[in-house]
Every structure is written in structure tokens, then in C-alpha cells.
Amino acid sequence: MVSDRVFGKLFINGEFVASTGTDTLPVIDPFDQSVIAQAADATDNDVHLAVAAATEAFNGEWRETSAQTRGQILWRIAAALRERTEELAELETRASGKPIADSESDINDAATCFEYYGGLATKLQGDVMSIDGAMVMAVKEPVGVAAQIIPWNYPMMMAAWKLAPALCAGCTVVLKPSEETPLSIMAVAESFADAGLPAGVVNIVTGRGERAGAALVEHPDVHKIAFTGSGEVGAHIMARAAKSLKRVTLELGGKSPNIICADANFEAAIDGALFGIFLNSGQMCSAGSRILVERSIYDRVIEAMIERVKDLKIGAPMDPETQMGPLISQRHFDRVRAYQELGKKEARLVLGGNRATGPGLDKGWFVEPTIFADVSNESRIAREEIFGPVACVMPFDSDDEALEISNDTSFGLAAAVWTRDVFRGLRFTRRLRAGTVWVNHSQPAPVEGPWGGFKQSGLGRELGRWGADAYLETKQIYLNTEDTPIGWP
Ligand code: NAD
């Protein structure tokens, strides 16, 4: 399955090429710790070659490629993803440990993202104004060469969220996937030429953040950086990018509240609470990791959650029945385990709290779905992003209190509220300080809508027309319509 033609290489100027260096990074299956491939650890020189290819493509054929043609290319990439779903989902699952059913769904969502931006390409438009005898046009133009740096938790979807709007807008790209999950997007690159994508428009450099990522951020010919990942690295990138005033958009972490009111549809709210924190083993930026429950149903909600988690199928990611797989890496496993132990000191453990054991789980980085009750919003487990299947449950007595707790965080990516009272739900939507507020749902991120964070959860928006705007400059063209002297002095 793992093809030597593609893996271990870099994708530069339409070719799979060897790195100019010799370092490699193992890609490890989180289920059994086996090494499934070696990825190239790109050097500064490789990054330079990739940026040069993107620059040449931007100044050449791609600039003259019509929006209609760009749209058709995006649709063909989407079609390739759909045709290759089985193969790509397997690569995704092997590298990330994500259950295969989730990977299939992610490939579908990634294809939908390419289709959406294929359609949007012909609908990007500027404006025209008539001002004092002049016609003033506001014209949209691509920013130029975009560097895109993405994490490991949704590798294909994150790649699609980055590549599709950039190509829609007419940019060229150098993409750096996470060191843990470089395989699926490298495999997709095999379909680019057939989709009609000219050489150099998309380049992929695999490798370490502090080397290939940093070289991209520093490169003088990169005009824009789109980053998804941790706040710590995001802040570092923003500071480095400031030196050359690059455009920067950041999609960072969260500690999102999930508010369950007593009048909610109880079953739906329990579904939402569990899905919101245990999907993808809790490795979600928008995880509903703080579950706020109205006091009159507090005990009932905790009991129902515990009961329902018992049915959650933890196991081999390639098993189609599996709902929760292992964490991504030893390092991340250690981190989540440390938070489980910390939580035992800070709050009341009601479920899990340990490494997950059982048949077939011994070699994988599995942890138990964990629920802490009576969590103080001041505790570290309530304030820091754990990025694992660890729920912090806390009671509230009034909507004002729920809002105060919800907004008392440095993050602001998402929030959910469960109520059957439409006006109560609307009041919450107005006052919650988050980029996305779900009412009676958890985790949908439709490609048509905006996605991004308030406060330390990010800068800028992805998806929808906002996602394309992030790759566009607005140029003013001023046409004097009067053939007369302009009056100097
Ligand atoms: P990370 O910040 O460690 O790494 C993200 C990417 O940045 C990787 O490709 C890495 O190689 C690269 N990188 C690391 N150091 C770098 C440097 N000095 N210069 C340039 N690039 C560098 O994050 P992660 O552990 O891969 O992902 C988890 C984080 O991502 C979580 O905080 C999560 O909330 C966040 N996330 C956010 C969203 C969103 O939409 N807001 C989506 C998914 C994940």
C-alpha cells in the first residue's frame, strides 16, 4: 500500500523528488507503533526550491488561468478524492489512528470542500463605484505564494481547507503537513497532474516544524502564511512573520463550552456532549471539553454520560465498528495521561482516568474516555487545552452564570447550547464569545459558513467566502472618465 514512488519524497514543481538532505522522519502507526513509512525531513534548500517553483508558477501560467478553469481543476481534484476514498482513508487511519469510518467521512468532507471552492472560483467579485467623474473599481487579486502549515488531527480535511480556497483565489502554495501525518496528502498529489493542475502550483514539503516550517515562515518570497495548530506555535509564527509583514491567518486551539439547559432534549444533549468530546479521541480544536449542566439535571446528565460511554467501541482503527482509536503519539499520550492524573487532584473523577486496556490495545496509545465532575473553572484541567478524551463537567444555576463561566477562558473557538426555548438559545448565541455557536448541535463545520476563533483561538476565518478572502488582496483601479486637465497646481 505504501508506495515508494511517493513517500519519502517531496512534491516540488509537479514531480516527486528526493530531498537535498538525507534526514528522514518515521511515520508511526499509533495502533501498534509499527513504522509504516519514512518521510523526507525537508531542508532549507528544499523549501527554497518549493517556494521558487510556487513563485514561477504564480508569475507564469497560473496567473493567466481563468477562474472557470481553476474551478474545473478543483472539481477534478474532488472527483479523484472520491474515487480514491478507500485508499486515502486507509493511509489517513494508519498514520493518525483515527477510526476508518471517520477517515472515510473526512475524505468525503475534503472532497466537498474542493467542490465548494470549485464553484466559488467564478463568483469572486469586486465592486465598482462612480466617484466625482471617475470610475473606481475594487478588484480582487490573489495574494501570491501562500505557505500553509497544518496539524495531524484532521490531515486531509486541514489540507483541503487550506488548498481549495487558495487555488480558488488564484494563489500558488507550499504546503507543509504535520510530521506525524504526511502520507494521505502526498498520495493525493499523485492525482494533481490528471486534474489539470499545472506544475508548481501546489508543492508539498514534509518535515519538521522547526526546520521546514520555520524556513517557510522566514522565506522572503512567501506572501501569506495560513497556519493551523497550537497557540504556542501560532504565536511564534506570527512574531517571525511580522519581520517581513507577511499576511497571517491562524486557526488555533480551544476549550469550548457545551451548555446543557434543563429544558433541552435530554437524549440529543447527551449525544452531543459525548460526540463533542470523544470524537477523534478528543483530538479536536473545537472539542466541547467544558460541559456546563443546569443544576436540576446535573446528576442525571453525569449518570447518562457514564452509562452511554460504556457502549463506546474502543479498538483497532481499521475495524469499521471502532468509534474511538488511540492518541496520535507517545508524546501526546504522555501529555493526556498527565492531565488525567492532574484531574484526579483537581476534581471528582467519575469515569476513566487511565490508560485504556483490553484485547488488542496493549501496543497502542489508548486512553480511557474520562469524565471529571464538579470541575472548578479555575482549575488547570478547565483552562488548558488537553486535546484528548477528557471531559470537565460543572454545574450552573443561572444563564448568566453559564455565560460567565463559558466566556471566562483565553480561548473562543466554539460553543454549544442545548435548549428547547428558542429565545433562551438566541440570548446565548448573542453573548457567547466564540467564532462558532451551535444551538442543539455539536461540531458541524459546513464548508459554506465561516470558521475561526475569537480571542486566542485564532486570527481570520476559513471556509465559505471568508476562506477565499483570506487569499485575496483588494486593488483599487481609478479611471478618470474626463479627458480634461486634473488641476495642478
Ligand atoms: P503544532 O502547533 O505542534 O503543529 C502544527 C504544525 O506546525 C505542524 O505541521 C508542525 O510541524 C508545525 N510547526 C511546529 N513548529 C513550527 C515552527 N517553529 N515554525 C513553523 N511551523 C511549525 O500543533 P499540532 O500538535 O500538530 O496540532 C494540535 C493543535 O492544533 C491543537 O492546539 C488544536 O487545537 C489545533 N487545531 C486547530 C484547528 C482550528 O481549526 N482552529 C484545527 C485543528 C487543530
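Computed from the coordinates by the stated procedures, all read-outs in this text should not be read as laboratory data. Every value quoted in this text rests on a predicted model; they were computed, and no experiment measured them. Here the Cβ is made from the backbone with ideal geometry for all residues, glycine too, and neighbour counts use every protein chain on show.
General remarks:
- When the charge dipole of the stretch 257-439 is built from unit charges on Cβ atoms (+1 for Lys and Arg, -1 for Asp and Glu) and taken about the Cα centre, the candidate among Gly315, Ile405, Ile260 whose Cα reaches farthest toward its positive end is Gly315.
- Helix 100-120 axis, angle to the chain major axis (alpha carbon atoms, nearest 10°): 30
- Counting DSSP beta bridges with both ends in the chain, the antiparallel % (nearest 5): 45
- Take every Cα pair under 8 Å whose residues are at least 6 apart in sequence, average their separation, divide by the length of the chain, and the relative contact order is 18 percent.
- A full extension of the chain between Asn354 and Val128 corresponds to an added length of 75.2 nm, given 0.36 nm per residue minus the alpha carbon distance.
- Test item: Cα-centred dipole of the stretch 344-441, Lys/Arg +1 and Asp/Glu -1 on Cβ, debye: 260
- For the chain, the dipole from Cβ point charges (+1 on Lys and Arg, -1 on Asp and Glu) about the Cα centre works out to 700 debye, to the nearest 20.
- Top positive-direction residue, dipole computed over the chain with Cβ charges, set Val222, Ala382, Gly360: Ala382
- Sorted ascending by nearby beta carbons within 10 Å, beginning with the fewest, Trp161, Trp152, Trp488 become Trp488, Trp152, Trp161.
- Simple spin-label estimate for Lys344 and Met318 gives 3.4 nm between the two label positions (7 Å along the Cα-to-Cβ direction from each Cα).
- Shape category assigned to the stretch 59-186 from the gyration tensor of Cα positions, a/c cut at 1.5: prolate
- Across every pair of non-identical alpha carbons in the stretch 257-439, the mean reciprocal distance, once inverted, gives a Kirkwood radius of 16.4 Å.
- Note on Val439 and Leu361: their simple-model spin labels are 3.9 nm apart, each label 7 Å out from Cα toward Cβ.
- Rounded to 10°, Cα long-axis angle of helix 85-96 versus longest principal axis of the chain: 60
- The residues Asp399, Asp132, when put in order of fewest to most other Cβ atoms within 10 Å, stand as Asp132, Asp399.
- Annotation: extensible slack from Gln68 through Glu473 equals 143.9 nm (criterion: 0.36 nm per residue apart, minus Cα-Cα distance).
- Rounded to 0.05, the FRET efficiency of the Ala101 and Asp23 pair, given R0 = 25 Å and the Cβ-Cβ distance, is 0.10.
- Set of aspartates and glutamates near Lys162 by C-alpha distance (under 15 Å), chain-local residues within fewer than 8 positions excluded: Asp106, Asp109, Glu115, Glu251, Glu448, Glu462, Asp469
- Translational diffusion of the chain, estimated by Stokes-Einstein from the Kirkwood radius over alpha carbon pairs at 37 °C in a medium of 0.692 mPa s, is 140 µm² per second.
- Length added when fully stretched, Asp374-Asp397, from 0.36 nm per residue minus Cα-Cα: 6.9 nm
- FRET efficiency, Thr481 to Leu426 (Cβ-Cβ, R0 60 Å, nearest 0.05): 0.80
- For the stretch 364-431, applying the loop criterion from DSSP together with a ceiling of 16 other beta carbons within 10 Å to the GluC sites (Glu not before Pro) yields Glu378, Glu384.
- 20 Å Cα-Cα reach of Lys363 towards lysines, excluding residues that sit fewer than 8 places from it in its own chain: Lys98, Lys313
- Taking other Cβ atoms within 10 Å as a rough exposure proxy, Ile259, Ile100 sort from fewest to most as Ile100, Ile259.
- Nearest-ten-degree value, helix 67-83 long axis tilted from longest Cα axis of the chain: 40
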